[in-house]
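Any read-out appearing in this document is the output of simple, stated calculations on the displayed coordinates, not a laboratory observation. All values reported here derive from a predicted model rather than from experimental measurement. Cβ placement follows ideal geometry from the backbone for every residue including glycine, while neighbour counts extend to all protein chains displayed.
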Amino acid sequence: MNVMTNPAVFDVERIRQDFPILTQTIRGKPFVFLDSAASAQKPRVVIDAMVHAMETQYANVHRGLHWMSERTTEAYEAARDAVAALMNANDRSEIVFTGNSTGAINLLAHSYGRGILKPGQAVLISGMEHHSNIVPWQLLRDSHGIELRVAPITDAGELDMAAYEALLSDGKVGLVAMTHMSNVLGTVTPADRIVRLAHANGAKVMFDGSQAIVHRKVDVQALDCDFYAWTGHKLYGPTGIGVLWGKRDLLERMPPFMGGGDMISSVTYEQSTWAAVPHKFEAGTPAILEGIGLKAAIDYVQAIGYDAMTAHEAALTEHALSRLAPIEGVRIIGQAQDRGGVISFVLDKAHAHDVATLLDRQGIAVRAGHHCAEPLMHRFNLDSTARASFGIYTTLAEVDALADGLIRVREFFQ
Amino acid sequence: MNVMTNPAVFDVERIRQDFPILTQTIRGKPFVFLDSAASAQKPRVVIDAMVHAMETQYANVHRGLHWMSERTTEAYEAARDAVAALMNANDRSEIVFTGNSTGAINLLAHSYGRGILKPGQAVLISGMEHHSNIVPWQLLRDSHGIELRVAPITDAGELDMAAYEALLSDGKVGLVAMTHMSNVLGTVTPADRIVRLAHANGAKVMFDGSQAIVHRKVDVQALDCDFYAWTGHKLYGPTGIGVLWGKRDLLERMPPFMGGGDMISSVTYEQSTWAAVPHKFEAGTPAILEGIGLKAAIDYVQAIGYDAMTAHEAALTEHALSRLAPIEGVRIIGQAQDRGGVISFVLDKAHAHDVATLLDRQGIAVRAGHHCAEPLMHRFNLDSTARASFGIYTTLAEVDALADGLIRVREFFQ
Amino acid sequence: MSQTDNFEDLRDLYQEVILDHGRKPRHAKRLETFDATAKGDNPMCGDRVQVWLKLDADSIGQVGFEARGCAISVASADLMAETVQGRATTDTRALFEAFRTMARTGACPDCAPALADPMERLAPLAGVHEYPSRVKCATLPWHALIAALDGAQEASSE
Amino acid sequence: MSQTDNFEDLRDLYQEVILDHGRKPRHAKRLETFDATAKGDNPMCGDRVQVWLKLDADSIGQVGFEARGCAISVASADLMAETVQGRATTDTRALFEAFRTMARTGACPDCAPALADPMERLAPLAGVHEYPSRVKCATLPWHALIAALDGAQEASSE
Ligand SMILES: Cc1ncc(COP(=O)(O)O)c(C=O)c1O
Ligand SMILES: Cc1ncc(COP(=O)(O)O)c(C=O)c1O
């Protein structure tokens, strides 16, 4: 992880100029935004793409025969191509748009869970999942008689691989649904090994890539996973759009999730037939403007390049760990070998909420709470942590501001 | 319907200046957009509200303790207040945000359909529904043993009230799910009587108000219906956001639809508990920017006022009917007494798709096809119609352009 | 036509050939005896076509079709029938690919010179490329034709 | 405090009184004998509080609490206990309303003059209104108190 960002290819000050919001001041202080893991800020190009559509090229898509509708359809469907290229999907029809990651995982839990999995089979998650990758499987368990298994994690916050393998060994697990990167611990999970072991035991694999795809190049063909879910707003895109990628033959075997316009082939009262994938899973008017915005975000990220982004975040993370760890009373939660730019911590003398408020008073935005991962909190005997998370626009100086701010908070509570 | 718009209160030329897209040219001709029923254009204030958020005030909502998150939460939750006021909901917690109308109806079909209705009960729709209000109930029928009944419509395109009443009379209907205004025929259904008869026979009522709320003031308390669904992009708002309003006690009794972040009260692997309504139904990061845009659209519409909008559209519709009906070979589909600004028609010598393409060639955007209402097409022995639909920015001159264009098409095909 | 000037704008897609074949298709008939048949269906717009073929040893003997749909799809079916009748069956797939390219892009610059002649006949449909949602109206009959040659009952949708 | 200047910005919410009551609450104890008790729970942030009451004829005799949460919620519970002890039970609801108004808006201009004195004691928490998501940290103990007076087991969340 000792890669220092090369300023020739990655000029963070130039990147910051692409994000208008970063010049704001908060409570009279410069805005230090360390909450990108919750949702990232939007570059000018994303704003412009959405404005351009609304100002010059907008109509409903797909069934329109007129010029505006055709142009809008092209712009919207270009988002699907951009996503397919981003993830190295084999086929653009493997890209299903949803409202967010949560919508993608619920789609899978419904259509794969109720349509393909059989009562008595199991779904295996890990001990560091976001609620969005826990609750849909609980609902499936309770309605469909699926067993829900949880692969434990170690004190360092890594997947316990031996336990994971043991949980697969009876062959009952039909689907592994696991985070590709923890939104609390920063842990990047060993995707290759997860997939290899799952497949060897007859299980399909879905990764919750909500965090991972922001920090790492994701190649679904190289990973050889079966499904991959993520959400646009964390990758510098708009809210209201998410992605489920799935292998085409699996998607084709799955029944639809929601019914309505755009997802049908033909409708009579007796029986309806479904459109081909991906449209079978996209009911109603899609998130057209959001697709257009997401494409702009992907183009932006691709122009910077994952290598540069990953290196930048690695440098930030390394610097943050080296600055925070020595602060008296600070304990960092999660010590994974392979980790991304998300750092959770607690302070001995102050509750995480007080820490967040007092950092906010200094203009520094961090998140505090259970981060939609209550079972993971309990695993570490905590109710909440404070969490700093980094984006492409985060600077080493901002990390220093966090460390200095935290020292002040700690002194204040002395 | 003989209300001519009062230019003192409703100056369409001034309104047009609020919609940047209307100055575009299409295939070298002025842009005559008569496809608002598919999706409406966006006024400057909606664009600005979304830009303002992205440029100056954006973070994830609800659980953030920092300034940006608090401000964004306020802006987003203000959308809920605006929707509640628009519909005259009793309580802001009765407003559930979804991705679109289709998402709202699917939520209801899942949570009310599977959670409250019992196998053997029936859902009653009408013969003029959009696929989004057919297919979810078919999926429910097929998975949950619910009977699906269809109340026929007359040749004029109105609900057959005697047949409707008869279908309710055995008391098996648990839910009436009916359009409040047809997206094909323009028919506005007699909501008061629909509700009164349904309630008298023990059925709840959901209206699909996707079209109606664009053309008429909707007061859910006066209507006394139980649920009301609509979609932001048709009311001059962004894509990616829809609304399900429901009476609070009903929403509270319904199980959740999707599981994930934001919709829980607490999560353990054994069991999770749900947040209070409306959050129980809103899983994952919401459509934050879209909520902010939708609020701007509602403020815009409220400032103009439904009285003025309805009068303007009535004038347009009356004018359009009087111009189109005499054109040789034109047949208008739907002759309801009470109707909004949506007109479907066919031409004797040309297929609807050819009509649409040839109007498009003249800069006039109409839709052609089955309009996501195949069973309704079959009711009239048609495969497709052409459809012109009006918004607040539509002018009488545009209606004349349509009529003149249609005359040319007819002559061309002579 | 005296109206030509009046309708100039409308003619860039709907050339006289297309209007004519759309109105009075020459090959719009079910064949009583045939060697192959297949349907094509475009549920999105309701267009439907069925194609019947009589085959000679290596070539297409006769083509008949029934179409329900717009002028573009009917005219395309009729021009297709006219063009492929008597052609080597092996050629037909290449011709379809060339036609599809033209329908999508307005031209087929890399097409085999051997196809120049039939492509010239089909050229009136080139204007469809400016109307992307209408492209499948033009290609639908071809999908049915290829399906029939392949021995399939129904064209798989694009 | 020598540090006052250094931490000026941090003190607009976390005044010395709050830090002090947050660190060393005087009433943070479970009562062995009590007349009423109720819990308050804020699942969104994990704050949890339980309040115990001894009641005299018309007034609140003694208040004890156990809280798990941030400095704001602990200090608010402690200041609440200090303030309501000995007050007429009938008064308490009005005081809660006044406090809630102050927590949300920073002041309570329309508050009854009779409440001026207790409101002065609670005033250090007024700064919370600038941090909307923290308001419920301050009001949670009050919800539990009112629930206990109402004979409920648990405060319903806001
Ligand atoms: C009557 C009616 N219902 C439902 C819908 C579906 O709306 P959406 O596509 O936004 O879900 C529409 C519009 O397409 C409609 O006109
Ligand atoms: C790991 C992980 N999974 C799922 C989600 C849910 O994403 P969304 O809220 O966009 O559905 C998030 C973010 O909130 C996340 O970090």
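The table for this structure:
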read-out	value
Other-copy label distances relative to residue B:169, 7 angstrom Cα-Cβ extension, nm	6.8
In order through region B:106-111: 3J(HN,Hα) via Karplus (6.51 cos²θ - 1.76 cosθ + 1.60), integer Hz, x for Gly, Pro	5, 4, 5, 4, 6, 7
Label-to-label distance, nm, for residues given as residue A:266 and residue C:8 (7 Å Cα→Cβ offset)	4.4 nm
Kirkwood Rh (inverse of mean 1/r, distinct Cα pairs), region B:48-302, angstrom	18.7 Å
Counting all C-alpha pairs of region A:213-296, share separated by more than 23 Å (%)	34 percent
Degrees, to the nearest 10: B:191-200 long Cα axis against longest axis of chain B	40 degrees
Residue of chain B nearest the B-to-A rotation axis [by Cβ], rounded angstrom distance	B:240, 2
Within the protein assembly as shown, percent of DSSP bridges classed antiparallel, to nearest 5	70 percent
Qualifying aspartates and glutamates (Cα of each under 14 Å from Cα of residue A:349; at least 8 residues distant if same chain)	A:328, A:411, D:20
Sites residue C:87 and residue B:169, calculated FRET efficiency, Cβ-Cβ separation with R0 41 Å, nearest 0.05	0.05
Per-selection Kirkwood Rh - region B:324-402 (Cα, Å, 1 d.p.)	13.2 Å
Per-copy distances of the residue D:150 label point, shortest first, in nm (7 angstrom along Cα→Cβ)	6.8
Normalised per residue, the volume of the convex hull around the Cα set of the protein assembly as shown (Å³)	195 Å³
Nearest-ten-degree value, helix A:67-87 long axis tilted from longest Cα axis of chain A	60 degrees
MRE, 222 nm, helices only [DSSP H, n ≥ 4, -39500 (n - 2.57), over the protein assembly as shown, to nearest 500]	-11500 deg cm²/dmol
Calculated over region A:153-220: convex hull of Cα atoms, volume per residue (Å³)	79 Å³
Selection from A:260, A:190, A:233 lying farthest towards where the dipole of chain A points positive, charges on Cβ	A:260
Kyte-Doolittle mean at least 0.5 and Cα axial length at least 20 Å: DSSP H helices in chain D	D:135-149
Local electrostatic count at residue A:342 - Lys and Arg +1, Asp and Glu -1, tallied over other residues with Cβ under 15 Å	-3
D from C by rotation - nearest chain C beta carbon to the axis, in Å	C:44, 23
Geometric extent, Cα atoms of region C:3-155 - Rg, Dmax (angstrom)	14.7, 49
Share of pairwise Cα separations in region D:38-82, more than 12 Å, in percent	61 percent
Amide hydrogen neighbours beyond the local backbone of residue A:179, cut-off 5 Å, H modeled	A:126, A:208
For chain C, built as a Gaussian network whose Cα springs stay under 10 Å, the top-fluctuating residue of C:76, C:59, C:133	C:133
Ascending list, in nanometres, of distances separating the residue C:109 label from those of the other copies (7 Å, Cα toward Cβ)	7.4
Helix A:44-56 axis, angle to chain A major axis (alpha carbon atoms, nearest 10°)	40 degrees
Within chain A, longest stretch free of exposed GluC sites (Glu not before Pro) [DSSP loop, at most 15 other beta carbons within 10 Å]	A:1-269
Of A:238, A:278, A:190, the one that fluctuates the most in a GNM where chain A has Cα springs shorter than 10 Å	A:190
Interchain or long-range residues, amide H under 5 Å from residue B:10's placed H	none
Listed pairs A:217/A:280; A:217/D:136; B:42/B:217; B:118/B:217; D:24/D:54; B:234/C:39 exceeding 30 Å between Cα atoms	A:217/D:136; B:118/B:217; B:234/C:39
GNM top mover of B:36, B:132, B:69 - chain B, alpha-carbon springs below 10 Å	B:69
Residue A:11 versus residue D:117: modelled label distance in nm, points set 7 Å from Cα along the beta carbon direction	6.9 nm
